[in-house]
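Visitor: One structure follows; several queries about it will come next.
The values are calculated or read from the model by the stated rules, or taken from the named source; none is laboratory data. Computed from a predicted structure; not experimentally measured. Counting neighbours? That spans all protein chains shown, and the Cβs are built from the backbone with ideal geometry, glycine included. For the accessible areas, the whole protein counts, side chains as well, though only heavy atoms, and no ligand, DNA or RNA atoms are used. Shrake-Rupley method; radii C 1.70, N 1.55, O 1.52, S 1.80 Å.
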Amino acid sequence: VQLQASGGGLVQAGGSLRLSCAASGHIFSINAMGWHRQAPGKQRELVASISSGGITNYADSVKGRFTISRDNAKNTVYLQMNSLKPDDTAVYYCNAGFSLVTAPRYWGQGTLVTVSS
């Protein structure tokens, strides 16, 4: 499975960005897709994930600001990020796996999101 992420960039605090991640290859076994992020000097953390049936899971720090969605026909997951804060600055990694409760099996390249104050 290959994951191709796009959509990162520089935005001012309070602004919005949309990340996309397209999956290809042997995707028949993939159920969960999502995003983690890693800020400088910090551990990688879950941002949001979504099952093929639309069940979602969010980190407390992004609830109400970020929305994860998925187009199963296009094998693509999206992360709409609103009301961005400088603390959201990180490299965002797309991932995919077999369920929401197991660790992701596949990882895409990171895309940098920088939020300026």
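Visitor: Of the conditions (1) free of Cβ contacts under 8 Å to residues at least 60 places away in the same chain; (2) in contact with a strand residue (DSSP E or B) (Cβ under 8 Å, 6 or more places away or on another chain), Ile55 fails just one. Which one is it?
Guide: Condition not satisfied by Ile55: (2).
Visitor: Does Tyr93 satisfy being among the aromatic types (Phe, Trp, Tyr), in contact with a strand residue (DSSP E or B) (Cβ under 6 Å, 6 or more places away or on another chain) and either farther than 19 Å from Gly25 by Cβ or at pLDDT below 95 (or both)?
Guide: Values: among the aromatic types (Phe, Trp, Tyr): yes; in contact with a strand residue (DSSP E or B) (Cβ under 6 Å, 6 or more places away or on another chain): yes; either farther than 19 Å from Gly25 by Cβ or at pLDDT below 95 (or both): no.
No: the conditions fail for Tyr93.
Visitor: Something else about it: Out of Gly54, Gly8, Gly34, Gly64, report the one residue that is over 14 Å from the mean Cα position of the chain (by Cα), of a type outside the set (Lys, Arg) and either closer than 17 Å to Thr111 by Cβ or open to solvent by less than 60 Å² (accessible area, probe 1.4 Å) (or both). It would help to see each step written out before you state the result.
Guide: Working: Gly8 fails: over 14 Å from the mean Cα position of the chain (by Cα); Gly34 fails: over 14 Å from the mean Cα position of the chain (by Cα); Gly64 fails: either closer than 17 Å to Thr111 by Cβ or open to solvent by less than 60 Å² (accessible area, probe 1.4 Å) (or both).
Only one candidate passes the filter, namely Gly54.
Visitor: Tell me, yes or no, whether segment 41-48 has at least one residue that is at pLDDT below 95, open to solvent by 40 Å² or more (accessible area, probe 1.4 Å) and under 16 Å from Leu3 (Cβ atoms).
Guide: no
Visitor: Would a scan of segment 69-80 turn up a residue that is over 24 Å from Gln2 (Cβ atoms) and touching a strand residue (DSSP E or B) at 6+ places or on another chain (Cβ under 8 Å)?
Guide: Taking segment 69-80 first, the residues over 24 Å from Gln2 (Cβ atoms) are none.
No, segment 69-80 contains no residue that is over 24 Å from Gln2 (Cβ atoms) and touching a strand residue (DSSP E or B) at 6+ places or on another chain (Cβ under 8 Å).
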